[in-house]
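Here's the structure we're looking at; comments come further down.
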């Protein structure tokens with residue numbers, strides 16, 4: 001689903017999440033996460049296709065499925081982050097080493113034009129502009145949304161991203 005005008009018509013700010021999984025039933029985990037987020041107050045307005053992405057950093061591991069999700073919520077950023085962490089745990093996420101393989105990873109990318117830097121939350125996501133596995137699906141649903149710190153659109157960030165890892169549209173028969 002492409003970026004739609006309804007992001008601008010809601011009384012709540014547009015919120016964008018990044019979803020990823022590289023363990024188990026990856027596509028199933030992303031679908032279940034979307035359902036659980038919806039049940040906990042995230043109103044989904046746009047969802048990208050699934051992308052097969054090369055792992056960036058961390059130990060050797062399998063490729064990820066990544067997706068971007070756009071919507072609205074009455075939840076404050078800290079509350080939404082807590083919901084994301086709860087959904088990760090519910091779907092089997094165990095935090096071990098940084099960038100380790102995971103059943104589910106949910107990242108709060110943008111919450112309207114919020115800019116924050118606290119011990120538990122940084123908005124916009126601090127590495128959003130450096131990661132093609134985030135920018136490619138996000139540009140699919142929100143190409144004209146502007147990064148509130150950098151001022152560039154998501155599409156402009158995708159085009160200038162220094163990351164050269166592979167990101168391709170997911171074809172279930174071609175899964176690595």
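Listed values, structure above:
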| read-out | value |
| --- | --- |
| Residue 27 vs. criteria touching a helix residue (DSSP H, G or I) at 6+ places or on another chain (Cβ under 7 Å), in contact (Cβ under 8 Å) with a residue 24 or more places away in the chain and closer than 23 Å to residue 170 by Cα | no |
| Hits in segment 102-120 (condition: surrounded by 15 or more Cβ atoms within 10 Å (Cβ to Cβ) and more than 16 Å from the chain's Cα centre (by Cα)) | 114 |
| Residue that is more than 12 Å from the chain's Cα centre (by Cα), under 17 Å from residue 147 (Cβ atoms) and crowded, with 18+ Cβ neighbours inside 10 Å, where the choices are 123, 80, 37 | 123 |
| Test: residue 31 is modelled with pLDDT of 95 or more, surrounded by fewer than 21 Cβ atoms within 10 Å (Cβ to Cβ) and not in a helix (DSSP H, G or I) | no |
| Whichever residue in segment 44-68 is touching a strand residue (DSSP E or B) at 6+ places or on another chain (Cβ under 8 Å) and more than 14 Å from residue 133 (Cβ to Cβ) and, among such residues, is surrounded by the fewest Cβ atoms within 10 Å (Cβ to Cβ) | 44 |
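The values are calculated or read from the model by the stated rules, or taken from the named source; none is laboratory data. Keep in mind it's a predicted model, so treat the numbers as computed, not measured. We place every Cβ from the backbone using ideal geometry, glycine too, and count neighbours over all the protein chains shown.
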